[in-house]
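Report on the structure given below.
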Amino acid sequence: MSKMGGQDGIMSKIRQHPPRDHAGGPPAGPTPTEAASTPVPHEEGSDSEQIDDDPSVNPDPDSAEATTTAPTTADRPGTVTGGETSTTNTPNDLHHTFSPDGPETFDQKRARIDRSETISHVVHPTFRTPTTPETFAQRRSRIDRSETISYGPKAPGTPSRPQPYGPTTEHGFLVDILEPEAMDTAPETGLPSGWYADGYLVLEPIHDTWELKGNTLIRNHYVARDTLFNPRETGDCPIPEEMLAKDRTTRRGRHCHQDRWRNSPTPSTDQYWTGQTSFKILARHRREAQQAFYAASHGATTHAGAKEKRQKDARANLSERAMSLADRVAFVQAKKKELESFFTNHVWEFATEGEAPANRVLKAHFILKWSKHPDGSPRAKARLITQGFRDPDALAGLLDSTSPTLSRLGRTTLMSLASLKAWKTFIADITTAFLQGKEHPASRTLWIRLPADARALLGISDPRVLMRLRKPMYGLSDAPRAWYEEASRRLLSLGFTKHPLDGCLYLWFDTELRCAIGLHVDDLLGVVEPTWSSKMKEDLQGLFAFRDFREDQENFEFLGTQVSRQPDGGLSCGHEDYINKVKPIPLEKGRQADPDSPATDKEKTQLRALVGALQWAATQTSPHLQVHTSMLAGEVPRATVSTILAANKALRFAKANSDVKLLYPPILDNIEDIVFLAYSDAAFASRADMSSQGGYMVCLTHRAILDGGISSYHLLDWRSFRLPRVARPMLAAEGQAAAEAADCLHFVITFWKALLDPGYKINSDEQCFRWKNESLLVIDAKCLYDILHREELYVSSTADKRTCLEALVTRDKLKEIGGSVRWVSSERQYADGLTKDSATQLLADRLRTHQHKITADESYQASRKKDAGERARSANQFARPKAAASAIAATAFFATPSAATRTEDMTALILYHLTDEVAYYETGAYVFAFLLVTMVLIYLEGRRFGM
């Protein structure tokens, strides 16, 4: 903040502010005198830009380098530097410590500045000294009143009379240097600064703050730490790090240390400390740095990061000091249970400090959080975690930290298998999984220094007692890998075999497949034949210690995916609750009016968070969102306001279609009737950088689809992606997308053959990759269809030769799996919704029915040659809008469901569990007509009585 003494041109922007309380730390202002007066050692050979002012308060008020501390008494009207002296009847009286006798010496001036920046604590004006001793009832009443805080927004008070130079209280004044729209517009809560409501009143914990003094950025450390500070570690630095010099000055009391922080590890100290860390600002960035600091702090003298983040961290990191007695007891029991699990699993043993090398001793601490029991009731949870980032073996790159998890194809295969075979499902959660990993070799031995509360619970009074690790524990980078190897060993010992294409899918065969289990860290998802259910449960419970084991649930959740059992016996998977919790990016109206304006760093961070949140749902159960997230992810580095508006629009689309789920109905009675089908499409130069977008979806369906019948399908895999190679003609884009789709179709068929055949081996046999029935690749590009069906490929001088090579590879892959290519008009191409954002709503409507039909068209009439009505009827044949989906329950009372629909040749029977399409639409029309007539009659009757 600049010193604004007698500058009348700038004083027009001064406004009054109440004194700011800096919750969680000491008030903003100068640091202790001993820290400010400590000389800063300069390293020889440092950059010339770094040799600048000392970060202490600049005693020269006329210096061009302004400070961010509150203006002093000398800057106010009535002082030597502030203007004429006010009379005693005006509110602008001189400070009682100021004396204008002669010129000030440096020491006098420094003492006056220190006094003026010291907050004076005055008696509240409503306080009256009691004349008689206070009774117990009076004291109790006073305490109750003092602890009662009124909620709700503050009522607007009567504005005080404006003064030309602001208030003249001891607290000084603040200058509003930001535009009105740049100020913090958070609604008033009626709570004092530093407090917030989270079910009950909570005071923000002590936190560090940033401060700008002269040309130095200072981090004030009020929270004790045992490492030097790096501005990258908190993520809330108000100034871009490229504006900071490479030197760092750390002050701890009277001790001052200077080093370089860029491209160097953060060293630890020998003890916990508080103090300051100073960073010089490069000369060429000083003006931009000041503007960035003021923008981040909203004109305040200090910056402590986002308030929402601090409150979220405070809720996540529970403190026992703020707990009730019952909560403390609950967490003490949780700590005891956690320590017992370490001894039960033989994770460690007692040792002494003398036998442990100093670099192999790691500290540990408890993390407390509230979890849930299976019935939803709260459960106190304590986790003992070590400092894995200090692991010497990890820092030396000697550890294998890779740990596979269940793939998306593995999860959709389990859902499909449970529906097709009418098997039971079960989910399980393994307790203390990381403590059950395989033992460490002798060269990997580590020692753990327990926290004081853990030593007290174990009855250890000597702090030199350590724990020697025999197995990995929470926090070590190799703990997930060790657990995966141990879990795999146990399942294999039970008779399971590992799927060759998914390391976390385990299969149990008798004469044929009886059970399949997917392992995702410590969570299990399994499907089992009903007659083998009890045996599998008994074997697994003897193998693992489960916290929760639930089987054949109507509704359950696995890895955030909501799974429900359908009335027809099938399953559905969705993320409706998750999508409805995602919040949009707020934008002011002024920003929305300028869509080409570049996004700020904060807005880019919010954009990444929003795109990432949508991308999780798109890759798990919502294919209709993936083209939005794919295109938005490519625009984040060069994001503008229009990109943020597009992301908010994508979120609105996701919420409007949050009811869309992946359906796995029982579409066949015999595994021999399975047909695999892939839709492929490409959009030429549809991205912001003029690159092309490709997409495909691989389905499992009934073999009647080969003869033009209607059938439901299971969606096994899908993808929307930027094509890796620049496409010159449209044919090149379609060729790349088709090659990717054929590759995925090839992989899915191999995946299912290995799933169902215990003796399956991948080799060069002709039948190795061929499925029992013909597989299909469905495209809508006639030129590519002709190339794939042509016996000899002719490459002209103007053709894309690379496209012809890809077509040859695609044709060979289809020949290997016994597949063929089918052409459909573009309005019937399901993968169109994975390449064009204009087709995503149609894809969402189609996913509500999960039905399709490959229509043969001998004339190969393109979509653009059809009239609008014919094109709409063809596109919407299996599309159900959300309104129709909501009304299907009502129309079910009038429509007669069809159990089966026969194909045109009357030879194949397709199970059809939903309402017949013709009857459904006819009934909808009748119901609409009935409602319309009823509304007209009610309207006419109302007018008649009104007249």
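The values are calculated or read from the model by the stated rules, or taken from the named source; none is laboratory data. Predicted model only: the values in this text are computed from it and were never measured. Quick reminder, even Gly has a Cβ in these numbers, built from the backbone with ideal geometry, and neighbours come from all protein chains shown. Calculation scope for accessible area: heavy atoms of the full protein, side chains included, ligands and nucleic acids excluded. Shrake-Rupley method; radii C 1.70, N 1.55, O 1.52, S 1.80 Å.
Taking the range 346-370 only, how many residues are part of a strand (DSSP E or B) and without any contact (Cβ under 8 Å) to a residue 60 or more places away in the chain?
Total meeting the criteria: 4.
Which ones in the range 560-608 are open to solvent by less than 50 Å² (accessible area, probe 1.4 Å) and under 25 Å from S297 (Cα atoms)?
I585, L587, S597, A599, E603, K604, L607
Filter the range 506-528 down to residues that are outside any strand (DSSP E or B) and under 37 Å from the mean Cα position of the chain (by Cα), then give me how many there are.
Final tally of qualifying residues: 2.
Per-residue answers, yes or no, for (1) farther than 21 Å from S658 by Cα; (2) more than 44 Å from the chain's Cα centre (by Cα); (3) outside any loop (DSSP other than H, G, I, E, B); (4) modelled with pLDDT of 75 or more:
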site: T849; (1), (2), (3), (4): no, no, no, yes
site: I854; (1), (2), (3), (4): yes, no, no, yes
site: E858; (1), (2), (3), (4): yes, yes, no, no
site: G869; (1), (2), (3), (4): yes, no, yes, yes
site: A879; (1), (2), (3), (4): no, no, no, yes
site: H913; (1), (2), (3), (4): yes, no, no, no
site: E922; (1), (2), (3), (4): yes, yes, yes, no
site: Y926; (1), (2), (3), (4): yes, yes, yes, no
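Name the residue that is nearest to Y785 (Cα to Cα), counting only residues in the range 662-716 that are part of a helix (DSSP H, G or I) and of a type in the set (D, E, K, R).
The selected residue is D707.
Could you check how many residues of the range 416-426 are of a type in the set (A, V, I, L, M), assigned to a helix (DSSP H, G or I) and more than 18 Å from L524 (Cβ to Cβ)?
1
Do we find that D429 is surrounded by fewer than 21 Cβ atoms within 10 Å (Cβ to Cβ) and either in a strand (DSSP E or B) or in contact with a Pro (Cβ under 7 Å, 6 or more places away or on another chain) (or both) in this structure?
Considered against the rule, which asks whether it is surrounded by fewer than 21 Cβ atoms within 10 Å (Cβ to Cβ) and either in a strand (DSSP E or B) or in contact with a Pro (Cβ under 7 Å, 6 or more places away or on another chain) (or both), D429 comes out as yes.
Quick check on my filter: what residues within the range 203-239 are under 29 Å from the mean Cα position of the chain (by Cα), among the β-branched types (V, I, T) and buried (at least 19 other Cβ atoms within 10 Å of the Cβ)?
Listed by number, the residues that qualify are T209, I239.
In the range 434-453, which residue that is within 13 Å of V347 (Cβ to Cβ) and of a type in the set (A, V, I, L, M, F, W, C) is most open to solvent (accessible area, probe 1.4 Å)?
F434
Those residues that are at pLDDT 90 or above and open to solvent by less than 20 Å² (accessible area, probe 1.4 Å), I need them from the range 248-262; list them, please.
Correct list: R248, T249, T250, R251.
If you go through the range 380-413, how many residues are among the basic types (K, R) and under 20 Å from F434 (Cα atoms)?
The number of residues fulfilling the criteria is 3.
Go through the range 718-738 and give me each residue that's farther than 20 Å from C699 by Cβ, in a helix (DSSP H, G or I) and in contact with a helix residue (DSSP H, G or I) (Cβ under 7 Å, 6 or more places away or on another chain).
Within the range 718-738, L731, A732, G735, Q736 meet the criteria.
Give me the residue from the range 722-741 that is closer than 19 Å to P623 by Cβ and open to solvent by less than 10 Å² (accessible area, probe 1.4 Å) and, out of that set, farthest from the chain's Cα centre (by Cα).
Per the criteria, the residue is A738.
Looking at V778, V748, V809, which is the one that is of a type in the set (A, V, I, L, M, F, W, C), touching a residue at least 60 places away in the same chain (Cβ under 8 Å), assigned to a strand (DSSP E or B) and outside the structural domain of G503 (by the TED database)?
V778
Checking the structure you have, find out if any residue of the range 469-489 is part of a strand (DSSP E or B) and either within 34 Å of the chain's Cα centre (by Cα) or farther than 30 Å from G354 by Cβ (or both).
yes
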